[in-house]
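Okay, so here's the structure we're looking at.
The values are calculated or read from the model by the stated rules, or taken from the named source; none is laboratory data. All values derive from a computational prediction rather than experimental measurement. Every residue, glycine as well, gets a Cβ built from its backbone with ideal geometry; the counts of neighbours run over all protein chains shown. Please note that ligands, DNA and RNA were not included when accessible areas were found on the heavy atoms of the full protein model with its side chains. Shrake-Rupley method; radii C 1.70, N 1.55, O 1.52, S 1.80 Å.
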Amino acid sequence: MASRSAIEWTEATWNPVTGCDKVSPGCAHCYAETFAERFRGVSGHPYSQGFDLKLWEDRLHLPISWRNPRVIFVNSMSDLFHEDIPESYVQAVFEVMVKADWHQFQILTKRHERLAELAPRLPWPVNVWMGVSIENRRFVRRADFLRRVPAAVRFISAEPLLGPLEGLDLTGIDWLIAGGESGFRHRAMLPEWVESLRDQCLERGVPFFFKQWGGRYSKAGGRLLSGREWSQMPVRRAHPERRHISV
């Protein structure tokens, strides 16, 4: 958790929850787990419990103390829609985001079914963006569940991109992030996979953000795609757009 972040598509991170469990192939080499497990058993360290799930109630109101507006990635070290996080706690996180309306909050999940289940009972202020991770064609259905959510901005993170996303429908999607895997056991991303996503975004008018090629280190391959950087962002709406949950 930090008031500043090195993640290219955000500005800060806020972790009212840490820890998670693997649910799909994109989780195999999780950067958050690798980092947290280094400190398992270290007395007094925030990750002394490793990557076991932990709710941090003392962190809930942290964004309210940040007076300067910023874009905040929620739970960079967990998944807010993890099945073991009580609905009441998810509600509490959303209540903070409603109050801290000078920030933009970005939430990303691989748990699309629980997201769709809880969405009708959550507030969706204009400053909350909701996204799902999609790593290969098996999980393009996550976008269908995302379309049920009345968020002002709906986005897809295709990172780590592990294969072509054949059958991906960008209807109702406001932003797409793509990137390759990094780390010692990184799996290579083929250029045609990410080029296809960029071309679909251009055709549909969806902002496209290319984060990285990946490699042993996150910056190893750089960010150039077809000779340029792609850093498009969704429009930050000044007023709520009335969106209903689709069925």
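Taking amide H positions as modeled 1.01 Å from N, with prolines and chain starts lacking one, the residues under 5 Å from VAL71 and 5 or more places away or on another chain are GLU11, ALA12, GLN104. Ligands, DNA and RNA left out, the accessible area of the chain computed with a 1.4 Å probe is 52% carbon and sulfur.
Summarising the amide proton neighbourhood of MET189: residues at separation of 5 or more, or on other chains, whose placed amide H is nearer than 5 Å comprise GLU181. Basic side chains Lys and Arg get +1 at the Cβ, acidic Asp and Glu get -1 at the Cβ, and with that the dipole of region 26-101 about its Cα centre reaches some 440 debye. Summing charges over all other residues whose Cβ lies under 11 Å from the Cβ of PHE210, with Lys and Arg as +1 and Asp and Glu as -1, gives 0. Overall, the ratio between the Cα radius of gyration of the chain and 2.2 N^0.38 Å, rounded to two decimals, is 0.97.
Counting every C-alpha pair in region 95-151, the share spaced more than 20 angstrom apart comes to 26%. Shown here for region 17-107: GluC sites (Glu not before Pro) in loop regions (DSSP other than H, G, I, E, B) with at most 11 other Cβ atoms within 10 Å, namely GLU83. With the helix formula -39500 (n - 2.57) applied to DSSP H stretches of n ≥ 4, the chain reaches a computed 222 nm mean residue ellipticity of -5500 deg cm²/dmol. Each residue of region 160-175 was assigned a 3J(HN,Hα) from its phi angle through the Karplus expression (A = 6.51, B = -1.76, C = 1.60, θ = phi - 60°), giving x, 7, 10, x, x, 9, 5, x, 5, 9, 8, 4, x, 9, 9, 6 Hz with x at Gly and Pro. Between region 13-73 and region 130-193, the alpha-carbon centres lie 22 Å apart.
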